[in-house]
Structure formats: C-alpha cells, structure tokens
Amino acid sequence: MSAATNKLAVFIDGANLYATAKTLGFDIDYKRLLREFQSRGNLVRAFYYTAIIEDQEYSSIRPLIDWLDYNGYTVVTKATKEFTDASGRRKVKGNMDIELAVDAMELAGHVDQIVLFSGDGDFRSLVEAVQRRGVRVTVISTISSQPPMIADELRRQADVFLPISSSYSPKSAEIRRSARLRGSRENPASRGRTRRSSCIGAPLPRAATKTTSRKSKGSERTSAHALPAFSGSSSAEPGRDCPLCPRLVAYRLDNRARHPDWFNGPVASFGDRDARLLIVGLAPGVQGANRTGRPFTGDYAGDLLYATLLDHGFAKGTYRASPDDGLTLIDCRISNGVRCVPPQNKPLPIEINTCRQFLAATLDEMPNLRAIVALGHIAHVTVLKVLGIHAAAAPFGHGAVHGAVHRANTLSLYDSYHCSRYNTNTRVLTPEMFSAVFARVRADLDKG
C-alpha cells in the first residue's frame, strides 16, 4: 500500500511515554512527530492521553496539553482520583486505558494502521482485537531500560515493534534544540525538579527519524485545523461523506436509510464570507438543519434566531423554515462547531475537537470578521480554542463580551445561552434576553 493511501492513527499514552523519556533522558519535538506521521500516509487522528490533577492552582502538564490541543493533536484528559492506601499514604490514581481502547476500537474500521506509543501490557488484548479487524499495529516503546518499559506480551503481539534507542541522549544538541517548547512542561512525577528542555517525551525511534531544519524555537502555535482534511473536503467545509468521526458517520448513514429525502450530511455555513458577524452554534438538529441542510432551519431554535436577526437588521426576507424561503443574511454568517448531527444532539468531546479544524478555517476565510456570537457554553469554548484563548481568561456567561484578536483583526466574542426550546421553555433564556445580545452586537458594529 502506498503512503498516499495508507490511513493511520497515532495513540500516545502520555504517562507511559513520560516514564520512558525520563528513564532514557531525552525529549520529543511533538510538532516534528506530527509531520513525520503525516508524511507516512493520511493521518486521520493523533491522540494524546493523560490524566490531570484539576484542583491544583498550577498544573505543570497544562501548558503542554494546551500546546498539543492547538497544534493538531486530539487531547483526551480526565481528572485523577485521590485515595489513601492501607498504610495511610496519599495516592493519586489516573488511568486512561479505557479511553484509549474505546477510541482505537471506534477508529479500527476506518484506518489501515495504528501506531501505539506505550509499553503497557494491558494493551495486548486491544492490539489483538484491532488486528482481527485487519488493522496493522506498530508499537513504539523501549527495551533499553531496566526493566524494559514494554511488556513482552505487547511487543510480541504487535505487527511491528519500533524500539526507542537509549543512544538518543540529551548529548545530541540538535535533538535538544528542536525539542524545546518554551514554557511547556510535563513532569507529573517530579518533586520540584524540572528538565532543562520543557517539552517531554521521547524522540522518534531510529526507524522513524528524519533530518529536519532547526528553524523553529519556542512554542509556535499553528491554526487549530492542522489535522489533514480528507479527500472531498474544502478547507472550511467537510465533504458530504466526511469520514472523520465514526459515530457521526454511522448516525448519518442510519438517517439516510430512514429518511432518504432529508439532507443528512455535514451542514455548511450560511451567509457571506465578507460578513462582520459570525454566529456559532453547537451542531445541526436532527429534524432541523440535518433535515433541511441550512443552519438553524426547521426547528424551534431557528424560529427564535432568525426572528431576532430580522429584528436587528442582520437578515431580510421572510423565514419559513425552509432553505428555499428566500431569506438572506445581511453582514452576518451562521456556522456550527460540529457540522454533522450527533445522536441525542450531544457531540462527544473527540468529535468537537476533530471538527474544530473546519470552524478555524471558517474564521480564516472571513477577512472582515469583527464579532462572534457563541450560542451556548460548548460553542463558546470551541471558539476560544480556535482563537487561542484560555477558558479561564474568558469565562462563559450570558451577555458577556470578551475581546480577542484573529489574524491581526480585533474582534469581540459575545456569549448567549443557546436558543433551544428547552432553554426557552425553562426560562433560562427569554426572547428579550436573546434580543439584548444582538442589540449590543448591532450597536457595537454600528460604532465601527
């Protein structure tokens, strides 16, 4: 199989890779690692798994997680659990094996190869299971440590085992300089000690090492849509048969079988790219945009949204809950953080992260963008990640306004509760509250 047609996914067990790096004494350039696997085929996904202690004022792993999240990796985290052992000692428990295994099994039907950075013997059964689905598995770990970091049963089960050699040491100036990500540390096991290089992990094994230039220093943040788009997509819109989220693909196909007259595909943004206002929702509703093919069209959320836009001069015409009703937007565009309809209208975090590349590209193609309205907390967080803003710096709140910069353009992010029927029925959101948000947007845009 040629590299161009080889579909692969990378799974990094962060804690295990950290232990390997600490034992052998070297660091990894995650940006270079991503490029390496992108050059070896169609990289569908690159996962990084780690448990975090959330009640700490500062977590040493947080800068690394943020950098990975902004630079093309799908980061999966969960909070650690504290307990006291029989001796009365405080222990911290955090294991990501289940999350990694679930994601690997979901992707097994959509890739040709899985690369696993781990030596944990508990993954032997997972490797065997995906192999039965016809997927080749490469395991990357080390036998140079004492005892070896990789379990013998995992090494024997893998189709290919790539050993990380102890000959890759910090004495290599090129590895140390290229690995450096200024300000990012992951050292969950250290006690006040930090490594000189601030990005941890292990370098590429010999079989995967390439010669690269040493231009990059520090934590350069690339756009959130760094993951490769699949064939048939544009940069800002996925193609009709987008394969990136297996659960959403299965739901889409089920809807196509049940309702062949519905749109049943990723819903593209609606409105002019030259607009100054972008409205970001969560995802298409199953009987709304998924049925009609236009954002917020065909369900109650659209009734309230489009009536409000008409009231404030962001639309003209008559809204009749149909894409052929002749309604047009004025200086306004509408999009969703997730382009495909999710079951129960609840996208998973991995699906939100995967689809964020298309929202990032949507912002990139809007040269006059000055205002974003985020409908709901999840849309708010998704926009923050695209803009490179930490959630703590811009907490969600209905009516809140946050300053931001995107591609040298100063803009404002406005928060609103989502205009769902549930929110309006429970009076979490009233039409007056919703209108007030857009009145503020209109006033600010009119000021220039």
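Each reported figure results from applying straightforward, stated rules to the coordinates on display, with no laboratory input. Since the structure is predicted, the reported quantities are computational estimates derived from the model, not experimental observations. Because the Cβ atoms are built from the backbone with ideal geometry, glycine has one as well, and the counts that use them run over all protein chains shown.
Can you work out the FRET efficiency for the pair D272 and S125, with r the C-beta to C-beta distance and R0 = 60 Å, to the nearest 0.05? List each step's numbers first, then the result.
Details: r = 53 Å, r/R0 = 0.88.
Here the calculated transfer efficiency is 0.70.
Please report the net charge: other residues with Cβ closer than 11 Å to the Cβ of R124, K and R +1, D and E -1.
Values: positive: R155, R156; negative: D120, D122, E128, D152, E153.
Counting the neighbours of R124, the net charge comes to -3.
Taking the Cβ-Cβ separation of D444 and N345 as r and a Förster radius of 22 Å, what is the calculated FRET efficiency to the nearest 0.05? Provide the component values of the computation, followed by the final result.
Details: r = 31 Å, r/R0 = 1.39.
FRET efficiency, D444 to N345: 0.10.
Can you work out ³J(HN,Hα) from phi for every residue in segment 44-52, in order, using Karplus 6.51 cos²θ - 1.76 cosθ + 1.60 and θ = phi - 60°, giving whole Hz and x for Gly and Pro?
With coefficients 6.51, -1.76 and 1.60, one gets 6, 7, 10, 9, 9, 10, 7, 8, 10 Hz.
Which far-off residues, 5 or more places away or on another chain, put their amide H under 5 Å from the one on N6, with H placed in the peptide plane?
For N6, whose amide H was placed from the backbone, the distant partners under 5 Å are N42.
Given the Cα-Cα distance of A392 and R156 and 0.36 nm per residue of separation, how much length would full extension add, in nm? Don't jump to the answer; show the numbers that get you there.
Working: separation 236, 0.36 × 236 = 84.96 nm, distance 4.52 nm.
Between A392 and R156, full extension yields an extra 80.4 nm.
Step through the residues of segment 145-162 one at a time and calculate ³J(HN,Hα) from phi using the Karplus curve (6.51 cos²θ - 1.76 cosθ + 1.60, θ = phi - 60°), rounding each to whole Hz and writing x for Gly and Pro.
In residue order, the calculated couplings are 7, 10, x, x, 5, 8, 6, 4, 5, 6, 4, 6, 6, 5, 5, 9, 10, 9 Hz.
I'd like the distance between the alpha-carbon centres of segment 404-447 and segment 341-368, rounded to an integer number of Å.
Taking the Cα centre of segment 341-368 as reference, the centre of segment 404-447 is 19 Å away.
Under a crude label model (7 Å from the Cα following the beta-carbon direction), how far is S412 from N6 in nanometres?
5.2
Using the count of nearby Cβ atoms within 10 Å as a rough guide to exposure, how do W67, W262 rank from fewest to most? Before the final figure, lay out each step's value.
Values: W67 22, W262 17.
Result, fewest neighbours first: W262, W67.
Any idea how far apart D325 and V405 come out in nm if each label point goes 7 Å out from Cα toward Cβ?
4.1
Within the set K346/K385; K7/K78; K7/K385; K316/K447; K316/K346; K78/K346, which residue pairs have Cα atoms separated by over 25 Å? Could the numbers behind the result be given before it?
On the way: K346/K385 19 Å; K7/K78 28 Å; K7/K385 27 Å; K316/K447 21 Å; K316/K346 31 Å; K78/K346 19 Å.
Pairs exceeding 25 Å: K7/K78; K7/K385; K316/K346.
Please report T308, T328 as a ranked list, fewest other C-beta atoms within 10 angstrom at the top and most at the bottom.
On the way: T308 20, T328 12.
Placing the least packed residue first, the sequence is T328, T308.
Taking 0.36 nm per residue of sequence separation and subtracting the Cα-Cα distance, how much length would be gained by fully extending the chain between Y422 and Q287, in nm to one decimal?
Separation in residues times 0.36 nm, less the Cα-Cα distance, equals 47.1 nm.
Kindly put I389, I12, I350, I334 in sequence by how many other C-beta atoms sit within 10 Å of each C-beta, fewest to most.
I389, I350, I12, I334
Along the Cα-to-C-beta direction of D364, a point sits 7 Å from the Cα; which residues of segment 251-276 have their amide N less than 19 Å from that point?
Only 268-270, 273-275 pass the distance filter.
Kindly write out, for segment 397-405 in residue order, the coupling ³J(HN,Hα) from the Karplus curve 6.51 cos²θ - 1.76 cosθ + 1.60 (θ = phi - 60°), rounded to whole Hz, with x marking Gly and Pro.
Once θ is set to phi - 60°, the couplings for segment 397-405 become x, 4, x, 6, 10, 10, x, 7, 10 Hz.
Mind checking the full-extension length gain between R35 and D261? Use 0.36 nm per residue of separation minus the Cα-Cα distance, one decimal, nm. List each step's numbers first, then the result.
Numbers: separation 226, 0.36 × 226 = 81.36 nm, distance 4.15 nm.
So the extension gain works out to 77.2 nm.
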